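Notes follow the structure.
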Amino acid sequence: CRVFRLCLLTAAVIANGAAPTRAQDRDTIEAGHALYAMHCMSCHGERLQNPGSSFDLRGLHPNEKPRFVGSVLDGKGTQMPPWRGTLSEAEIDQLWAYVRENAYD
C-alpha cells in the first residue's frame with residue numbers, strides 16, 4: 001500500500017511539471033559552468049578547486065547568496081575585480097547555481 005501511494009505521489013509530481021524544472025536547473029548549472037570557465041577559473045581554479053590564492057567558493061552555504069552576489073558585483077579590493085556591468089543578474093544566478101551544485105554541503 002505504501003509503495004502504491006509513493007508511485008501515485010511520484011506520478012503527480014511529474015505531471016505537475018517537476019521534471020522540466022530539473023532540466024531547467026541543469027541548464028542553469030551548465031550555463032554557470034561555462035561562465036565560470038570564461039571568467040572565474042583562472043583565479044578560483046578548475047572545478048572550483050581552490051589553487052590556494054583565492055577564496056574557495058565550494059565553502060559557500062545556501063544562505064550566503066547575497067554575499068556572493070555582492071562580491072561578484074563589487075569585487076574584493078585588489079584581490080578580485082568588480083563584474084558589475086559585465087555579468088547580468090541572470091548570469092550571476094547561473095554562476096551561483098554552479099557554485100552551489102559543487103559546494104561542500
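The values are calculated or read from the model by the stated rules, or taken from the named source; none is laboratory data. Everything numeric here is computed off the predicted structure, so don't read it as measured data. Because the Cβ atoms are built from the backbone with ideal geometry, glycine has one as well, and the counts that use them run over all protein chains shown. The protein model used for the area step is the full one, side chains on, heavy atoms only, and it has no ligands, DNA or RNA in it. Shrake-Rupley method; radii C 1.70, N 1.55, O 1.52, S 1.80 Å.
Descriptive notes on the structure:
- Here residue 64 meets each of (1) more than 22 Å from residue 90 (Cβ to Cβ); (2) modelled with pLDDT of 95 or more with one exception, condition (1).
- Looking across region 65-105, the residues that are open to solvent by 60 Å² or more (accessible area, probe 1.4 Å), assigned to a loop (DSSP other than H, G, I, E, B) and of a type outside the set (S, T, N, Q) come down to 76, 77, 81, 82, 85, 104, 105.
- Near pairs, Cβ below 9 angstrom, 6+ apart or cross-chain, from region 33-56 (under 13 Å from residue 96 (Cα atoms) and open to solvent by 60 Å² or more (accessible area, probe 1.4 Å)) to any residue that is of a type in the set (Asp, Glu) and assigned to a helix (DSSP H, G or I): 33/101
- Residue within region 57-64 that is closer than 15 Å to residue 44 by Cα, in contact (Cβ under 8 Å) with a residue 12 or more places away in the chain and open to solvent by 40 Å² or more (accessible area, probe 1.4 Å) present: yes
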